[in-house]
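The values are calculated or read from the model by the stated rules, or taken from the named source; none is laboratory data. No experiment lies behind these values; they were computed from the predicted model shown. In this analysis, Cβ positions are derived from the backbone assuming ideal geometry, glycine residues included, and neighbour counts consider all displayed protein chains.
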Amino acid sequence: ERLVVFHDRTPATQCHLQVVPRRHIKNLDELRPTAADHGLLLEMMATGQRVLQELHTGAPQQLGFHRPPFNSVLHLHMHAMALPFRPGAARWKYV
């Protein structure tokens, strides 16, 4: 209900998903140390891990965010990736 998951349009790995909250949050800097924001991040992580596991059972996983100024989309989104990275992928962008 609170999240949307879809495939990245320029995947850096064999399975590269976006986990996005429906509520607009511009980026990581807008999150606060509150129970609500902490819960949202935990839900995003659990959802990303679960969907990756369903699509690529047993593949190593990496979850991460772009930190400003590396945002290309001004809406908080978490990258959920089944490794390994594709050749030439800019892996340094995913922290």
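Within segment 1-43, being farther than 18 Å from Leu63 by Cα and either within 11 Å of the chain's Cα centre (by Cα) or of a type outside the set (A, V, I, L, M) (or both) holds for Glu1, Arg2, Arg22, Arg23, His24, Lys26, Glu30, Arg32, Pro33, Thr34.
Each row is one residue, and each column tells you yes or no for (1) in contact with a helix residue (DSSP H, G or I) (Cβ under 7 Å, 6 or more places away or on another chain); (2) of a type outside the set (D, E, K, R); (3) touching a residue at least 40 places away in the same chain (Cβ under 8 Å).
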{"residue": "Val4", "(1), (2), (3)": "no, yes, no"}
{"residue": "Asn27", "(1), (2), (3)": "no, yes, yes"}
{"residue": "Leu42", "(1), (2), (3)": "no, yes, no"}
{"residue": "Thr57", "(1), (2), (3)": "no, yes, no"}
{"residue": "Arg91", "(1), (2), (3)": "no, no, yes"}
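If you go through segment 12-25, how many residues are in contact (Cβ under 8 Å) with a residue 24 or more places away in the chain and closer than 11 Å to His77 by Cα?
Kept after step one, since they are in contact (Cβ under 8 Å) with a residue 24 or more places away in the chain, are these residues of segment 12-25: 12-21, 24-25.
Within this subset, residues satisfying the condition of being closer than 11 Å to His77 by Cα are 17-21, 24-25.
The qualifying residues number 7.
Just one of the listed residues (Ala46, Ala80) is at pLDDT 95 or above and in contact with a helix residue (DSSP H, G or I) (Cβ under 7 Å, 6 or more places away or on another chain), and it is Ala80. When residues of segment 6-50 are filtered for being assigned to a strand (DSSP E or B), buried (at least 17 other Cβ atoms within 10 Å of the Cβ) and among the hydrophobic types (A, V, I, L, M, F, W, C), how many remain? Residues meeting the conditions: 4.
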